[in-house]
Amino acid sequence: MTTVVAKHPYIDSLLKGYEMPRSGISWLNERRAQALERVNALTVPTTRDEEWRFTDISPLTKVAFRPAAATPRLALADIEGQLVPEAATRLVFVNGVYAPDLSVSTGLPEGVIVGSLAAAINTHAGVIQPHLARHASFEGEVFSALNTTCLRDGAFIWVARNQKCPTPVQLLFVSTQGETAYPRCLVIADAGAECTLIEDYVGFGDAVYFNNAVTEVVVGEGARVRHVRVQRETGGAFHIASCAAVLATDARYASHTVTLGARISRFNLDVLQEGEGVEVKMDGLALIAGRQLADTHTLMDHARARGRCQQLHKCIVGGAGHAVFNGKILVRPGAQLTDSSQQGRCLLLSDKAHVDVKPQLEIFADDVKCAHGAAIGQLDAEQLFYLKSRGLSDTRARNLLTYAFAAEVIDRIPVPSLVEQLERTVLAQTQAVS
């Protein structure tokens with residue numbers, strides 16, 4: 001083990017007491033060392049940085065977190081309410097530490113591997129080495145660099161060529177105390193493979209903690225991955241995460257992101273089209289209130305021809321909440337016949353609610369079809385009048401319209417029990433969000 005020291009005082013405080021593993025795997029040690037170099041070259045972003053100008057994370061820098069230590073004992077009954085019945089396979093991490101006694105990964109067909117990343121590095125290094133810390137760039141992202149520096153374990157899913165994972169896989173990250181955790185996920189679907197992934201972050205109690213997560217998704221030629229991401233941390237939590245998806249020829253990738261919790265959250269989703277003929281769907285929903293801040297940045301990078309992408313992102317903001325959505329479509333030279341569209345729709349439920357929306361199009365090819373749109377408003381007065389004229393109270397009418405606004409995104413999630421679970425949560429929050 002080697003003690004990790006950073007030049008920036010706050011970053012050094014996050015790493016205080018953390019020791020970098022020095023395994024016998026040279027390529028992994030080299031990537032950790034490269035990440036630490038970037039940690040020392042970068043600074044904590046502020047509102048003076050263009051990519052963070054709407055998002056003030058200074059409250060995060062005022063909290064002294066300790067590194068995740070021993071995993072507290074949790075029973076299956078403690079997490080039963082967060083489990084997805086369709087997910088016969090699940091991996092559970094408590095405060096960033098793998099909990100094998102709460103995890104289930106049996107009964108998988110040959111060619112489907114789901115388990116601890118630390119164990120898989122020893123048994124499937126040939127599959128992991130080309131991808132781990134290769135797609136989620138840490139060159140200019142200090143939090144991704146931190147995660148890679150501290151990479152010890154995580155979740156590993158590998159679906160071999162032409163294989164299909166028969167049921168959804170749930171990755172459940174549970175936080176219970178005031179620590180810094182570095183969740184890591186690597187998902188590889190080889191050519192012709194299929195899988196559905198549920199990446200779920202939950203918090204118990206009222207602890208103030210920090211989750212710094214990185215996920216890498218590799219979708220091979222003709223493969224199909226459905227990726228559901230739910231963030232429902234506690235009200236005092238901080239959550240900063242990045243996901244990088246890389247798509248080969250004729251790949252299909254569907255992302256469904258739901259943000260409900262955390263005091264401050266930031267999610268970067270970067271999708272790279274490496275092969276021709278891909279299809280991408282990106283749905284997002286942020287439902288926040290109080291003094292929450294939820295920031296979502298997306299990039300659809302069309303680097304090859306005949307790519308299709310449809311994106312819908314919705315924000316519902318009550319109280320003095322602040323939502324940010326920055327969606328970028330990049331069409332590179334030669335990426336002809338691209339068809340890419342983006343819609344951002346935001347609903348403000350109070351006078352103090354605040355939304356910043358920044359749609360971006362950068363097109364360097366001439367035979368394309370691209371569009372974007374953004375709308376920010378309040379509940380429609382005519383719709384309210386119609387519902388009230390049918391006997392609903394003003395409160396019930398507002399709650400129903402707010403719920404319907406969110407349900408358009410929730411209902412597209414391909415896991416029925418999770419849809420039902422999230423609908424109950426959204427319905428409860430819409431009744432108290434304003």
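Checking the conditions here, which among 291, 266 is more than 16 Å from residue 344 (Cα to Cα) and crowded, with 22+ Cβ neighbours inside 10 Å?
Working: 291 fails: crowded, with 22+ Cβ neighbours inside 10 Å.
That would be 266, the only listed residue that is more than 16 Å from residue 344 (Cα to Cα) and crowded, with 22+ Cβ neighbours inside 10 Å.
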Practice task
Being among the aromatic types (Phe, Trp, Tyr) and either open to solvent by less than 30 Å² (accessible area, probe 1.4 Å) or under 22 Å from residue 312 (Cα atoms) (or both) is the filter here, so list the residues in segment 375-415 that pass it.
Solution key: 403, 405
Handout entry: Any hit, segment 125-148, residues being open to solvent by 40 Å² or more (accessible area, probe 1.4 Å) and assigned to a helix (DSSP H, G or I)
Key = yes
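For segment 48-74, give me each residue that is at pLDDT 90 or above, out of contact with any Asp or Glu (no Cβ under 6 Å at 6 or more places or on another chain) and not hydroxyl-bearing (Ser, Thr, Tyr).
Taking segment 48-74 as the starting set, the residues that turn out to be at pLDDT 90 or above are 48-60.
Narrowing further to those that are out of contact with any Asp or Glu (no Cβ under 6 Å at 6 or more places or on another chain): 48-53, 56-60.
Residues satisfying the conditions are 48, 49, 50, 51, 52, 53, 56, 57, 59, 60.
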Exercise for the section: Looking only at segment 16-37, decide whether some residue is touching a strand residue (DSSP E or B) at 6+ places or on another chain (Cβ under 7 Å), surrounded by 19 or more Cβ atoms within 10 Å (Cβ to Cβ) and modelled with pLDDT of 85 or more. Expected result: yes
Handout entry: Residue count for segment 188-219, restricted to those that are open to solvent by less than 10 Å² (accessible area, probe 1.4 Å) and either outside any strand (DSSP E or B) or among the aliphatic types (A, V, I, L, M) (or both)
Key = 11
Handout entry: Residue under evaluation residue 418, criteria (1) buried (at least 18 other Cβ atoms within 10 Å of the Cβ); (2) over 23 Å from the mean Cα position of the chain (by Cα), criterion not met
Key = (2)
Fill in the blank from the handout: Within segment 416-434, the count of residues that are of a type outside the set (A, V, I, L, M, F, W, C), part of a helix (DSSP H, G or I), modelled with pLDDT under 85 and more than 19 Å from residue 313 (Cβ to Cβ) comes to 0
Handout entry: Enumeration of residues in segment 94-121 that are in contact with a Ser or Thr (Cβ under 9 Å, 6 or more places away or on another chain), assigned to a helix (DSSP H, G or I) and open to solvent by 50 Å² or more (accessible area, probe 1.4 Å)
Key = 100
Practice task
From 235, 275, grab the single residue that is part of a loop (DSSP other than H, G, I, E, B), touching a residue at least 40 places away in the same chain (Cβ under 8 Å) and open to solvent by 10 Å² or more (accessible area, probe 1.4 Å).
Solution key: 235
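The values are calculated or read from the model by the stated rules, or taken from the named source; none is laboratory data. None of these values were measured; they are calculated from a predicted model. Methodologically, a virtual Cβ is constructed for each residue, glycine included, from the backbone with ideal geometry; neighbour enumeration extends over all protein chains shown. What goes into the accessible areas is simple: the full protein's heavy atoms, side chains included, and nothing from ligands, DNA or RNA. Shrake-Rupley method; radii C 1.70, N 1.55, O 1.52, S 1.80 Å.
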